[in-house]
Amino acid sequence: MNNMKQRNKEIEKHYKNHLTEASLKNLNIKLAVGILILFYFVFSDLYLRHNILAFYTRIFPISIGVFLFVFNLITNQYQYTKAKLYNLFLFSLPIMMFGKCLVHINETALASAVSGTILVIFLISLDIKTSLRNTIIIYAIPVILFIIVIGLFFNLSTEQYLLLSNIYPIVILGYIANRIQDRLRYKSFESNYLLAIEKQRVEQLYEETQTQNEKINKVAKELKKLNSTKNKFFSIIAHDLKNQFNAILGYSELLKKGLNNLNTVQFEKYVNIINKTSKQTYNLLLDLLEWASAQSDEINYNPEKLLLNKVINDSIKLFEEQADKKKISLIYNEQTDIYVFADLYMLNTILRNLISNAIKFTPSGKIEISTAKTTDKCEITIIDSGIGISKEKIKNLFKIDKVTSSVGTNGETGTGIGLSLCKEFITKHKGSIFAESVENKGSKFTFTISCYKNDYENK
């Protein structure tokens with residue numbers, strides 16, 4: 001019940017605002033027409049009929065009309081005040097007509113004054129859009145004042161009474177017609193208002209549903225990614241690590257059983273295999289740990305000013321021995337000192353993975369590393385003369401759920417997740433990575449990170 005009352009109050013409030021807007025619609029046009037007609041009457045009263053009393057009845061509505069017309073031209077504000085002034089203008093029109101009836105009450109022009117009064121009241125009933133109180137004031141007060149003045153100051157004949165009595169039915173009919181029109185307007189407004197509220201509520205529900213759907217889709221994508229990540233993780237553990245440990249256990253078992261029977265050459269062979277496999281297993285575990293840490297956001301991103309030339313040279317030194325064994329030349333086309341804004345650990349991991357991959361898939365030849373500086377980015381390129389990558393594989397090169405480990409040209413193994421890890425770290429630096437390759441000719445990997453400008457700009 002209280003909700004219904006509250007709703008009705010809200011509708012009434014909005015309906016009043018609607019009436020104000022409706023009454024002021026095309027205000028200047030209505031005022032201009034009314035003022036022109038009134039000035040015609042003034043001209044008629046002064047120059048044609050020479051009736052100064054009739055002229056006096058026009059002063060009030062003309063003053064209100066002209067003031068409101070100018071006021072409305074000057075400003076678009078004060079709508080409520082303008083609506084009140086317009087109601088006052090409408091109120092002044094029947095007052096003017098009743099005043100004219102009084103001026104011509106003992107003249108033959110009384111009939112035309114009565115006709116004019118009836119016409120004005122009829123026109124007002126068509127235009128007036130205001131509250132019940134204002135409607136009563138506009139219709140009732142002029143009639144009451146007119147009746148009081150006639151009773152106090154005039155002694156009318158029956159014929160005059162009958163003529164003036166024609167005004168009262170049109171006043172009553174005009175009032176009734178206006179209130180019926182007002183009720184119809186209210187019902188129409190109420191229906192439209194409730195429909196608008198309902199439409200707004202439906203649109204809001206739709207937007208909320210869309211938002212929820214977007215969140216659900218986002219969560220679904222994240223879950224799919226996590227599921228792919230989990231499957232990849234277990235696949236690596238189940239396959240790659242298992243194979244590595246099988247090799248270590250197998251050769252260590254041979255050493256154990258044949259310790260007294262193996263010659264130095266055989267012993268050295270098995271130890272080298274175990275050593276090599278252990279290093280590969282260690283690197284495999286290192287990749288897995290880095291990748292798992294990246295997935296769980298355990299690796300902190302701490303960018304700082306770094307000399308790129310030094311970082312690249314340090315990374316190259318780590319692989320010089322491995323490159324020499326495969327007769328690969330590591331060439332760094334060093335440029336002028338370039339400073340970058342990057343996380344040292346992540347940048348080292350990116351370079352280590354890309355250089356390691358280049359060596360892994362190059363039987364012999366050369367690997368070139370070069371740098372270039374654009375407006376706000378630094379571009380690092382690693383080109384090898386290796387076996388290249390097929391078009392099918394290059395499409396899924398950085399997708400964790402699509403990658404597969406490949407054996408290197410010297411039997412090197414890996415997890416296949418190094419490039420995915422590179423992409424994640426580069427993304428954290430707001431950079432990008434892309435690859436180009438031609439089978440049996442080599443591959444080219446290029447990635448970008450932010451150049452160092454100054455502390456404020458990099459933040």
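Only one entry in Asp337, Asp343 is of a type in the set (Asp, Glu) and closer than 17 Å to Lys428 by Cα, namely Asp343.
Quick grid of which residues meet (1) in a helix (DSSP H, G or I); (2) over 23 Å from Thr381 (Cα atoms); (3) at pLDDT 80 or above:
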{"residue": "Thr277", "(1), (2), (3)": "yes, yes, no"}
{"residue": "Asn283", "(1), (2), (3)": "yes, yes, no"}
{"residue": "Ser315", "(1), (2), (3)": "yes, no, yes"}
{"residue": "Ala323", "(1), (2), (3)": "yes, no, yes"}
{"residue": "Val340", "(1), (2), (3)": "no, no, yes"}
{"residue": "Pro363", "(1), (2), (3)": "no, no, yes"}
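Summed over the stretch 82-107, residues that are out of contact with any helix residue (DSSP H, G or I) (no Cβ under 6 Å at 6 or more places or on another chain), assigned to a helix (DSSP H, G or I) and hydrophobic (A, V, I, L, M, F, W, C) total 1. No other residue among Ile449, Ile426 is part of a helix (DSSP H, G or I) and at pLDDT 90 or above apart from Ile426. One residue alone among Ile350, Ile359 is surrounded by 15 or more Cβ atoms within 10 Å (Cβ to Cβ), without any contact (Cβ under 8 Å) to a residue 60 or more places away in the chain, closer than 20 Å to Ile417 by Cβ and in the same structural domain as Leu308 (by TED's automatic domain parsing), and that residue is Ile359. There is no residue in the stretch 219-230 that is of a type outside the set (Lys, Arg), outside the structural domain of Asn353 (by TED's automatic domain parsing), more than 49 Å from the chain's Cα centre (by Cα) and modelled with pLDDT under 75. Count of the stretch 131-145 residues, restricted to those that are over 56 Å from the mean Cα position of the chain (by Cα) and in contact (Cβ under 8 Å) with a residue 40 or more places away in the chain, is 3. Among what's in the stretch 31-66 and is charged (D, E, K, R) and either outside any helix (DSSP H, G or I) or over 58 Å from the mean Cα position of the chain (by Cα) (or both), pick the residue that is surrounded by the most Cβ atoms within 10 Å (Cβ to Cβ). Checked the stretch 31-66; the qualifying residue surrounded by the most Cβ atoms within 10 Å (Cβ to Cβ) is Asp45.
Identify, please: which residue in the stretch 429-445 is assigned to a strand (DSSP E or B) and among the charged types (D, E, K, R) and is, among those, surrounded by the most Cβ atoms within 10 Å (Cβ to Cβ)? Ranking the candidates gives Lys444 first. Going by the conditions given, is Ile417 modelled with pLDDT of 90 or more and either surrounded by fewer than 21 Cβ atoms within 10 Å (Cβ to Cβ) or within 42 Å of the chain's Cα centre (by Cα) (or both)? No.
The values are calculated or read from the model by the stated rules, or taken from the named source; none is laboratory data. Fair warning: this is a prediction, and the values are worked out from it, not measured in the lab. Ideal geometry is used to build each Cβ from the backbone, glycine not excepted, and the neighbour counts take in all protein chains shown.
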